[in-house]
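J.: Got a structure here, written out as structure tokens. Questions coming.
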Amino acid sequence: MVLLLLVIPAAAWTSRTAEVQALGNIATLCKFHEMDKGRKIGSWKDLDDVWGKPLDEVYPLVLPTRRYELFSPPVELPLHEKLSMQIVAMTRKPMWETTRKGNMGRTMALKGPGRYVLYREPDGDYRTRWFDESEVQRLWPRTGRALPVPDDEPERPWVTKARTEILWKRIGLVSLVVLLIGWLAGRVIWRRKQAIA
């Protein structure tokens with residue numbers, strides 16, 4: 001339990017992870033497919049054909065066709081009374097993601113759980129967005145659809161690596177504080193002994 005608390009998430013901005021880069025490229029592929037074929041994508045195979053090889057081979061760390069549900073046609077997600085978004089794909093299950101915080105964004109942190117969505121703008125552009133899981137749970141019932149069936153893929157490797165690094169840094173910091181407290185306590189005890197003698 002204590003170790004879990006040592007790696008709690010932090011509010012910050014997302015770093016350029018493999019996930020973010022892959023989704024940006026997939027958004028470009030979706031736009032290209034729509035311009036080239038004159039229709040929205042209907043399956044992951046449409047994008048495999050545009051790329052010339054399976055997306056899971058192109059992005060082996062992300063495995064988009066396994067980790068993301070593709071919606072054809074897109075799912076209309078009402079955000080507010082007058083604003084909605086067309087969801088093209090969404091992470092099948094809540095995930096953690098690496099992010100940067102403090103010190104000019106040089107400190108690694110985690111955020112989540114949450115999900116990425118790939119959505120289509122009214123002007124035809126495709127973009128990605130991160131939603132905290134609490135926001136997904138609040139908004140998704142408005143679609144009238146069930147959430148995607150979760151995948152059984154392991155945690156993203158860069159998240160596991162970051163979690164380990166954060167844990168060791170925090171253990172090191174806690175150890176340093178404990179040593180400092182021990183040293184100060186030792187000094188107090190030594191001075192008391194000197195005063196008595």
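J.: In percent, how large is the relative contact order of the chain, given Cα pairs closer than 8 Å and 6 or more residues apart?
T.: Averaging sequence separation for qualifying contacts and normalising by length gives 21 percent for the chain.
J.: Further, regarding this structure: Tell me, how many Å apart are the Cα centres for the stretch 49-85 and for the stretch 15-41?
T.: Distance between centres, Cα-based: 9 Å.
J.: If I fit a long axis through the Cα atoms of helix 18-37 and take the longest principal axis of the Cα atoms of the chain, what angle between them do I get, 0 to 90°, rounded to 10?
T.: Orientation of helix 18-37: about 10 degrees from the principal axis.
J.: Moving on. E76 versus T164, label points 7 Å from Cα toward the beta carbon: distance in nm?
T.: 4.8 nm
J.: Counting only protein heavy atoms and a 1.4 Å probe, tell me what percentage of the chain's accessible area is made up of carbon and sulfur.
T.: Details: 7190 of 11920 Å².
After summing per-atom areas, the C and S share lands at 60 percent.
J.: Give me the one-decimal nm value for the distance between modelled label points at T28 and D125, 7 Å along each residue's Cα-to-Cβ direction.
T.: Going from the T28 label point to the D125 one covers 1.5 nm.
J.: For the chain, just say rounded, prolate or oblate: build the C-alpha gyration tensor, square-root its eigenvalues into a ≥ b ≥ c, call rounded for a/c under 1.5, and beyond that prolate if a/b exceeds b/c, oblate if not.
T.: Working: a/c = 3.41, a/b = 2.63, b/c = 1.30.
Note, shape of the chain comes out prolate.
J.: Same structure again: How long is the gain from M35 to T143 if the chain were fully straight, where each residue apart is worth 0.36 nm and the alpha carbon distance is subtracted?
T.: On the way: separation 108, 0.36 × 108 = 38.88 nm, distance 2.72 nm.
Computed gain between M35 and T143 is 36.2 nm.
J.: Return the calculated 222 nm mean residue ellipticity for the chain, to the nearest 500 deg cm²/dmol, obtained by summing -39500 (n - 2.57) across DSSP H runs with n ≥ 4 and dividing by the residue count.
T.: Helices in the chain give a 222 nm mean residue ellipticity of -14000 deg cm²/dmol.
J.: With angles folded into 0 to 90 degrees, how steeply does helix 157-196 sit against the dominant principal axis of the chain? Use alpha carbons for both and round to 10.
T.: Rounded to the nearest ten degrees, it is 10.
J.: From the cross-link list K45/K93; K111/K169; K45/K111; K40/K101, which pairs have alpha carbons spaced over 28 Å apart? Intermediate values should be presented prior to the final figure.
T.: Values: K45/K93 22 Å; K111/K169 17 Å; K45/K111 31 Å; K40/K101 37 Å.
In this structure, K45/K111; K40/K101 lie more than 28 Å apart at Cα.
J.: With every protein chain present, what is the per residue accessible area of the chain (1.4 Å probe, Å²)?
T.: 61 Å²
J.: Given 0.36 nm per residue, what is the gain on full extension from R191 to V50 after removing their alpha carbon distance, in nm?
T.: 43.1 nm
The values are calculated or read from the model by the stated rules, or taken from the named source; none is laboratory data. Computed from a prediction, not measured in an experiment: that's the story for all the values here. Virtual Cβ from ideal backbone geometry, glycine too; neighbours counted across all protein chains shown. For the accessible areas, the whole protein counts, side chains as well, though only heavy atoms, and no ligand, DNA or RNA atoms are used. Shrake-Rupley method; radii C 1.70, N 1.55, O 1.52, S 1.80 Å.
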